[in-house]
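Right, one structure below, let's go through it.
The values are calculated or read from the model by the stated rules, or taken from the named source; none is laboratory data. Keep in mind that this is a model prediction, so the values were computed, not measured. Cβ: placed from backbone, ideal geometry, glycine included. Neighbour counts: every protein chain shown. Areas reflect the complete protein model, heavy atoms only, side chains present, ligands, DNA and RNA absent. Shrake-Rupley method; radii C 1.70, N 1.55, O 1.52, S 1.80 Å.
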Amino acid sequence: MNLTPSQCKELIVAEASRLGVEKIAFASIDPVDDEARNIYQRWIEGRHHGEMAYMEKYSDVRDNPALLLPGAKTIVCCAINYQPRQRQDTNVPQIASYALGRDYHEVVRELLSTLAAYIEQLTGAKTRVCVDTAPLRERYWAVKSGLGFVGINNQLIIPSRGSRFFLGEILITEKFPSDEPCTQKCLRCGACVKACPARAINADGSIDTQRCISYLTIEHRGDLPADVKLGNKVYGCDVCQDVCPHNLCSSPTTISDFQASEALLTLDEEAMKTLTPEQFSALFRHSAIKRTKYVGFMRNLSRVLAEKAGD
Ligand code: SF4
Ligand code: SF4
């Protein structure tokens, strides 16, 4: 039986949903448009990417995802809900909610690889899965495909679902009907700008990365800037998502790997203080938290404790 591209697309959407993808959207692969390319270039030239040097590299690939998979014609953008049912006690040094479960690189890659295998079997096309590792403009493609829109807080927001999602993409060497770009927009209520504890969000939607607690506690190496208070955040920061009205309609994930692990829910301040490098490695082996490394985690914790002590 020969299926049309539209029929294949319907089957792919259904399979994605069965696997736990909350929303999926298709876009035709073309080079990134000039406006988006220029905005990114200015952002890099302004050094807003801090120490994330990888963001300067592979601009040819970043501007044209077809270079990631010869013959790629379609990009499928997938949103996977990570919102855990439970979060830590608020007195304990806080870990961003996306990092309370298993490392999303592992979970999302497994999930999308299963979906990609299904697509290959269904269509005979070649695929490539991208999960935060390839030089791909995730949010650009998410907007273009109609998955959602970008808020002033720089998060990809999915209408009626919110922003607590991981994004992943599948490139396919087959043409499928594209979805319509999203017409909804950020409410521009300013709640995220006001609530940001580091004053890192500018009203025009640009982020001062060098002040953002999420960047500083995860990506930044070396001393933390003296004038940014972490305010009990030891890894990442959820504030600009927690206050966003688009998240009022969000609901917890059904993916068990993204529920908060018992080990993290019971990790209190005393236990954090006495963590050894070996315990850190064992505890966070399958957690995104390993990205900050032991030294970074303990640096963050020292700052949190010093702030509590009023130093
Ligand atoms: S808090 Fe308001 S301004 Fe900020 S992203 Fe959400 S809707 Fe937009
Ligand atoms: S993650 Fe935290 S520090 Fe960074 S922009 Fe959002 S609220 Fe501000």
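Please name which of Gly205, Ile24, Pro84 has its Cα lying farthest along the dipole of the chain towards the positive end, using unit charges on Cβ (Lys, Arg +1; Asp, Glu -1) and the Cα centre as origin. Farthest along the dipole direction, towards plus: Gly205.
Only the Cβ atoms of Lys and Arg (+1) and of Asp and Glu (-1) were treated as charged; on that basis the dipole of segment 5-159 about its Cα centre amounts to roughly 200 debye. What you get for the chain, charging only the Cβ of Lys and Arg (+1) and of Asp and Glu (-1), is a dipole of about 180 debye around the Cα centre.
Once you keep just the Cα pairs under 8 angstrom separated by 6 or more residues, what percentage relative contact order results for the chain?
Normalised by residue count, the contact order of the chain is 25 percent.
Applying the Karplus relation 6.51 cos²θ - 1.76 cosθ + 1.60 with θ = phi - 60° to segment 218-231 yields 3J(HN,Hα) values of 10, 9, 6, 10, x, 5, 7, x, 5, 8, 10, 8, 6, x Hz, where x marks Gly and Pro. Using a 4.7 Å Cβ-Cβ cutoff, the cysteines of the chain lacking any partner cysteine are Cys8, Cys77, Cys78, Cys130, Cys182, Cys186, Cys189, Cys196, Cys212, Cys237, Cys244, Cys249.
Of the candidates Val243, Val129, Val21, which one comes out as most mobile in a Gaussian network treatment of the chain with C-alpha springs shorter than 10 Å? So, out of Val243, Val129, Val21, the one fluctuating most is Val243. A quarter of the convex hull surface defined by the alpha-carbon atoms of the chain gives 16.2 nm² as the mean projection.
What does the accessible area per residue of the chain come to in Å², with a 1.4 Å probe and no ligands, DNA or RNA counted? Normalised by residue count, the accessible surface of the chain is 49 Å². Only helical DSSP H runs with n ≥ 4 go in: add -39500 (n - 2.57) per run for the chain, normalise by residue count and round the 222 nm mean residue ellipticity to 500 deg cm²/dmol. Only helices count here, giving -9500 deg cm²/dmol.
With Rh defined as the Kirkwood radius, the inverse of the mean 1/r over Cα pairs, the Rg/Rh of segment 179-311 is 1.01. Based on Cβ point charges of +1 for Lys and Arg and -1 for Asp and Glu, what charge dipole magnitude is obtained for segment 72-167 about its Cα centre, in debye rounded to the nearest 20? Approximately 300 debye in magnitude.
Computed over protein heavy atoms with a 1.4 Å probe, the carbon and sulfur contribution to the accessible area of the chain reaches 51%.
Stretching the chain fully between Thr266 and Ser251 yields a gain of 3.1 nm (0.36 nm per residue, less the alpha carbon separation). Length available on full extension from Glu106 to Glu120: 0.36 nm per residue minus the Cα-Cα distance, which gives 3.0 nm. Can you find, among Ala72, Pro5, Leu230, the residue farthest towards the positive end of the dipole of the chain? Put +1 on the C-beta of Lys and Arg, -1 on that of Asp and Glu. It is Leu230, whose Cα lies furthest towards the positive end. Here Met55 and Tyr294 are evaluated by their C-beta separation; at R0 = 30 Å the FRET efficiency comes out at 0.75. The 3J(HN,Hα) values that the Karplus relation (6.51, -1.76, 1.60; θ = phi - 60°) gives for segment 280-291 are, in residue order, 4, 4, 5, 5, 10, 4, 10, 10, 5, 5, 4, 4 Hz. Gly and Pro appear as x. When you filter the chymotrypsin sites (Phe, Trp or Tyr not before Pro) in segment 1-69 for DSSP loop state and at most 13 other Cβ atoms inside 10 Å of their Cβ, nothing is left.
Between Asn91 and Thr4, the C-beta separation translates, for a Förster distance of 45 Å, into a calculated FRET efficiency of about 0.20.
Which residues among segment 226-246 fall inside the zone where the amide N is under 19 Å from a point 7 Å beyond the Cα of Ala306, along Cα→Cβ? In segment 226-246, the label zone of Ala306 (backbone N under 19 Å from the point 7 Å along Cα→Cβ) covers 226-236. Quick one: go through segment 80-122 and flag any residue whose amide nitrogen is under 20 Å from the point 7 Å out along the Cα-to-Cβ line of Arg18. Counting only backbone N, you get 80-81, 108-122.
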